Amino acid sequence: MTSSIGKIITLFSSTQHTGTRTEKKKLTLDEKGIVDDKYYNKSTQRSILITSKESYNLAKKYNINMAHGALGENLLITYNPYHFPIGQKILIGNVVLEISQNCTICNHLSQINKILPTLLKNDRGIFAKVLQGGIIHEGDEIYLYPEH
């Protein structure tokens with residue numbers, strides 16, 4: 001196996017009925033997304049939002065302090081994945097994700113701070129779809145998926 005490129009800092013999901021973002025110790029994923037998440041089976045191309053700690057560090061440089069999860073991420077990771085090409089596969093535990101698209105900037109970011117959408121234009125996150133389901137835990141290592 002190749003060496004780890006980073007690890008999971010925190011996991012989040014949105015409650016089905018209330019939409020409340022909740023920090024989790026583990027997430028169960030299948031080809032429809034995060035099981036029990038508000039967005040489960042809504043858009044398989046955008047089922048998982050991955051954000052780097054670097055996005056929060058960038059905001060902090062501009063005195064914008066946000067709690068983790070404020071950017072809407074499901075996976076907050078130590079590695080900056082924003083340069084990954086569409087189609088890049090990553091392995092976390094037994095879960096295989098495929099990068100499907102860059103995240104667009106949502107209006108709720110300007111409610112946090114009016115410069116946040118411009119500041120994070122290319123650093124908000126990336127969407128991934130689930131190719132192989134399983135369980136992801138906080139602290140899990142992340143690997144580039146070996147292509148054969």
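Rule-based calculations on the coordinates, nothing more; no lab input. All figures in this text were calculated on a predicted structure; none of them were measured in a lab. For neighbour counting, all protein chains shown are included, and Cβ atoms are generated from backbone atoms with ideal geometry for every residue, glycine included.
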Quiz item: How far apart, in nm, are the 7 Å Cα→Cβ label points at residue 132 and residue 102?
Solution: 3.0
Exercise. State, as an integer percentage, the relative contact order of segment 44-148 based on alpha-carbon contacts under 8 Å between residues 6 or more apart.
Key: 37
Quiz item: What is the local net charge at residue 104, summed over the other residues whose Cβ is closer than 11 Å to its Cβ (Lys, Arg +1; Asp, Glu -1)?
Solution: +3
Quiz prompt | Within segment 125-139: backbone nitrogen closer than 14 Å to the residue 94 label point (7 Å, Cα to C-beta) | solution = 132-137
Quiz item: Between 69, 29, 12, whose Cα lies farthest towards the positive end of the dipole of the chain when Lys and Arg beta carbons carry +1 and Asp and Glu beta carbons carry -1, centred on the Cα centre?
Solution: 69
Quiz item: Where nothing but the Cβ of Lys and Arg (+1) and of Asp and Glu (-1) is charged, how large is the charge dipole of segment 41-122 around its Cα centre, in debye to the nearest 20?
Solution: 180
Exercise. Sticking with the crude label model, points 7 Å out along Cα→Cβ, report the distance from residue 68 to residue 2 in nm, one decimal please.
Key: 2.4
